[in-house]
Amino acid sequence: SKVREPYSIEEMRYMVQNLPKVQNPSDRAFLAISATHPLRLEEVLGLKWKDIDLESKVIHIRRSVTHPTRSKPEVKDTKTPASVRDIALSSIAAEFLVPGKPNDFVIGGENPLSYTMLRHMRQRIQKDIGFHGDITPARFRPTVLTDIYDGTKDIKKTQAAAGHTTASMTLEHY
């Protein structure tokens, strides 16, 4: 897979500081989770409210949502067995999450978002916060993983956060 250019510290700070300006609660949850956790887009889209433990501040990654035909979303297992993991819920993100029904998707409600709905959501977020670049989901993960590594200098912690099978995979991709 190709490495995406991470967002700059300034860009990430801007997005997080402007989270309150995002009008739609589902859009706000998407940006809050994506900008503060090392999740693949399909993992964010696969989150259900029962996977987010606000009390214990934990996110349980258990499924993914992909768009193999670009139209109809498919709910699947995570990319690899190592991708099934529990990660700490960011306190920044937690304050912007308004829980729904346990079996509803955090992003989308009863059904996961379609590819087109995802594109419209990204455009709404960009407009709401006045962001001058694109809201590109694939750029959040490398940014957050780089921050984790820079903050800890611990490749094993970064590997676990990424849900990678080996440290060399984390180094190769990020």
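Partner lysines whose Cα lies under 26 Å from the Cα of LYS153, excluding those fewer than 8 positions away in the same chain, are identified as LYS2, LYS57, LYS79. Taking segment 54-81 and a reference point 7 angstrom along Cα→Cβ of ARG119, the backbone N atoms nearer than 11 Å belong to 70-71. When both segment 1-57 and segment 105-174 are represented by their alpha-carbon centers, they are found 7 Å apart. Taking all Cα-Cα distances within segment 1-119, those exceeding 26 Å account for 16%. Applying a threshold of 27 Å to the alpha-carbon distances of LYS21/LYS72; LYS21/LYS101; LYS50/LYS157 flags LYS21/LYS72 as lying beyond it.
Taking the 1.4 Å solvent-accessible surface of segment 25-174 as the whole, the part contributed by carbon and sulfur is 53%. Among ASP134, ASP104, ASP53, the residue with the largest mean-square fluctuation in a Gaussian network model of the chain, with springs joining Cα atoms closer than 10 Å, is ASP134. Computed about its Cα centre, the charge dipole of segment 1-66 is approximately 160 debye, with only Lys, Arg, Asp and Glu carrying charge at their Cβ. Taken about its Cα centre, the chain carries a charge dipole of about 380 debye when Lys and Arg each add +1 at the Cβ and Asp and Glu each add -1 at the Cβ. Ranking ASN111, GLY133, ALA35 by Cα position along the charge dipole of the chain, where only Lys, Arg, Asp and Glu carry charges on their C-beta atoms, puts ASN111 farthest toward the positive end. Here the relative contact order of segment 1-126, from alpha carbon pairs under 8 Å that lie six or more residues apart, stands at 29 percent. Helix-only estimate, please: 222 nm mean residue ellipticity of the chain, summing -39500 (n - 2.57) across DSSP H runs of length 4 or more and dividing by its residues, to the nearest 500. About -13000 deg cm²/dmol. For segment 47-89, the Kirkwood estimate of hydrodynamic radius, built from reciprocal distances between every pair of different alpha carbons, is 11.4 Å. Accessible area per residue (1.4 Å probe, heavy atoms of protein chains only) ranks GLU10, GLU74 as GLU10, GLU74, with the largest value leading.
Please report Rg over Rh for segment 48-174, where both radii come from the alpha carbon positions and Rh follows the Kirkwood definition. Rg/Rh: 0.96.
If R0 is 25 Å, the Cβ-Cβ spacing of HIS132 and ARG70 corresponds to a FRET efficiency of close to 0.40.
The values are calculated or read from the model by the stated rules, or taken from the named source; none is laboratory data. The model shown is predicted, which means the values in this text are computed figures rather than measured ones. Cβ sites come from the backbone with ideal geometry, for glycine too, and all protein chains shown count toward neighbours. Just so you know, the surface numbers come from the protein's heavy atoms only, side chains and all, with ligands and any DNA or RNA stripped out. Shrake-Rupley method; radii C 1.70, N 1.55, O 1.52, S 1.80 Å.
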